[in-house]
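To keep things clear, I will list the structure first and then write my remarks on it.
The values are calculated or read from the model by the stated rules, or taken from the named source; none is laboratory data. This one's a predicted model, so the numbers in the text were calculated from it and none came from an experiment. Cβ: placed from backbone, ideal geometry, glycine included. Neighbour counts: every protein chain shown.
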Amino acid sequence: MAKELDRIAKESGRTKSDLIKEALREFLWEERFTGLRKALSPKAKAKGLVTDDDIFKAVS
């Protein structure tokens, strides 16, 4: 993995630190999103909001 990180840093002109920070930021965002989705899905289903169309209709 270290060699790949070195290669990507060189190709992109970014530092390894910047690449790792970005990867961590994206990972943490995804973890928060997944947690919120897990917590809110049962509430949405209870209100009949199952599909994207259901949500679109509810907010339109």
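A few points about this structure:
- Selection over the stretch 15-60 of residues that are farther than 21 Å from Leu5 by Cα and part of a loop (DSSP other than H, G, I, E, B) gives a count of 6.
- Matching residues, the stretch 1-47, being under 30 Å from Ala58 (Cα atoms), of a type in the set (Ser, Thr, Tyr) and over 11 Å from the mean Cα position of the chain (by Cα): Ser41
- The stretch 1-16: number of residues that are in contact with a Leu (Cβ under 9 Å, 6 or more places away or on another chain) and not β-branched (Val, Ile, Thr): 4
- Long-range neighbours under 6 Å by Cβ, at least six apart or interchain, first residue on the phi < 0 side of the Ramachandran plot within the stretch 17-28, second of a type in the set (Gly, Ala, Ser) and modelled with pLDDT of 95 or more: Leu19/Ala9
- Among the residues of the stretch 1-37, those that are of a type in the set (Lys, Arg), modelled with pLDDT of 95 or more and loosely packed, with under 11 Cβ neighbours inside 10 Å comprise Lys3, Arg7, Lys10, Arg25, Arg32.
- Within the stretch 1-14, the set of residues being of a type in the set (Gly, Ala, Ser) and assigned to a helix (DSSP H, G or I) comprises Ala2, Ala9, Ser12.
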